[in-house]
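The values are calculated or read from the model by the stated rules, or taken from the named source; none is laboratory data. It should be emphasised that the depicted structure is a prediction, and the values quoted were computed from it without experimental measurement. Positions of Cβ are generated from backbone atoms using ideal geometry, with glycine treated the same way; all protein chains shown enter the neighbour counts.
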Amino acid sequence: MDINGLREIGKCLMKDISGMIQSPDMKKSIGYGASGDRTFPVDKRAEDIIIDGLKSMKEPLTIVSEEIGVLEINGGGKRVIIDPIDGSRNAVSGIPFYCTSIAVADGETLDDVNISYVINLGNGDEFWAERASGAFLNGRRIQAQQEDDFYMVAYETQVPGRYLPMIIPLLSVSQKTRCFGAIALDLSYLACGSMSVFVSPSLSRSFDFAGGWLLVR
């Protein structure tokens, strides 16, 4: 498995998913995924495309995905941590800030993640990283902000009344604040210096941040 294989999956996602966003049935939940969150048609379709793409690689893989849970292919192997649509609420609301995140790990911890791929399905931006080889946006090497200024702080909070007070001191020293609603994509743009800091005071799940984590690292 390599970045080129994941980018091929990204091409299929861009071609298929963009046409779904305008569907009148887009906002209708079709059940709940393994994570307990509502599943929308776009979540299921994206997951199907990704799994089909991974199966075509004919490698032993263990998929960990927000919707289907755990699925072993060819007896299981490297872990592939997937969020088919990170920012589902944005997607079903027509807000173009949502993505697919894929992280590949040789073991069971974040330190074992060695490949990541995140594609912004709103505009086609592709982020990828391979351990010790750098991080890239659309083929261009990227780096996080180097200056000390808190020009823009982005945040995510599932329960604003509970968690916002925790980060008010940080937000108050920032020149700008944003809550975009897709953790993997937040981390991706953090990695290329578009924002100074990203903070999520509440617990997050591995498939929300595994791909973005390696980009920042």
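If the condition is being in contact (Cβ under 8 Å) with a residue 24 or more places away in the chain and more than 16 Å from the chain's Cα centre (by Cα), then the range 94-122 contributes Gly94, Asp106, Gly107, Glu108, Asp112. Anything in the range 197-210 that is at pLDDT 90 or above and either assigned to a loop (DSSP other than H, G, I, E, B) or farther than 24 Å from Gly161 by Cα (or both)? List them, or say none. The one that is at pLDDT 90 or above and either assigned to a loop (DSSP other than H, G, I, E, B) or farther than 24 Å from Gly161 by Cα (or both): Ser200. Each residue in the range 86-104 was checked for being surrounded by fewer than 23 Cβ atoms within 10 Å (Cβ to Cβ) and on the phi > 0 side of the Ramachandran plot, and 1 of them qualify. Among the numbered conditions (1) touching a strand residue (DSSP E or B) at 6+ places or on another chain (Cβ under 6 Å); (2) buried (at least 18 other Cβ atoms within 10 Å of the Cβ); (3) outside the structural domain of Ser200 (by TED's automatic domain parsing), the only one that Asp186 does not meet is (3).
Of the residues in the range 113-129, not one is surrounded by 18 or more Cβ atoms within 10 Å (Cβ to Cβ), of a type in the set (Val, Ile, Thr), part of a loop (DSSP other than H, G, I, E, B) and at pLDDT 95 or above.
Can you tell me which residue is nearest to Phe209 (Cα to Cα) among those in the range 96-112 that are in a strand (DSSP E or B) and in contact with an Asp or Glu (Cβ under 6 Å, 6 or more places away or on another chain)? Going through the qualifying residues, I end up with Ser101. Of all the residues in the range 35-64, those that are under 14 Å from Leu13 (Cβ atoms) and either outside the structural domain of Ser93 (by TED's automatic domain parsing) or crowded, with 21+ Cβ neighbours inside 10 Å (or both) number 7.
This table checks each residue for (1) at pLDDT 90 or above; (2) not in a loop (DSSP other than H, G, I, E, B).
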residue: Lys28; (1), (2): no, no
residue: Ser35; (1), (2): no, no
residue: Val42; (1), (2): no, yes
residue: Arg45; (1), (2): no, yes
residue: Glu67; (1), (2): no, no
residue: Glu72; (1), (2): yes, yes
residue: Val80; (1), (2): yes, yes
residue: Arg89; (1), (2): no, yes
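I want to confirm something. Restricting to the range 163-183 and keeping residues that are under 17 Å from the mean Cα position of the chain (by Cα) and assigned to a loop (DSSP other than H, G, I, E, B), which single residue is surrounded by the fewest Cβ atoms within 10 Å (Cβ to Cβ)? Ranking the candidates gives Cys179 first.
Tally time: how many residues in the range 1-26 are modelled with pLDDT under 90 and within 16 Å of the chain's Cα centre (by Cα)?
1
Only one of the numbered conditions (1) outside the structural domain of Val70 (by TED's automatic domain parsing); (2) out of contact with any helix residue (DSSP H, G or I) (no Cβ under 6 Å at 6 or more places or on another chain) is not met by Asn123, and that is (1). Against the criterion of being more than 30 Å from Arg141 (Cβ to Cβ) and modelled with pLDDT of 90 or more, Ser194 does not qualify. Within the range 142-151, identify whether any single residue is under 28 Å from Asp52 (Cα atoms), touching a helix residue (DSSP H, G or I) at 6+ places or on another chain (Cβ under 8 Å) and either of a type in the set (D, E, K, R) or outside any strand (DSSP E or B) (or both), and answer yes or no. Within the range 142-151, none of the residues are under 28 Å from Asp52 (Cα atoms), touching a helix residue (DSSP H, G or I) at 6+ places or on another chain (Cβ under 8 Å) and either of a type in the set (D, E, K, R) or outside any strand (DSSP E or B) (or both).
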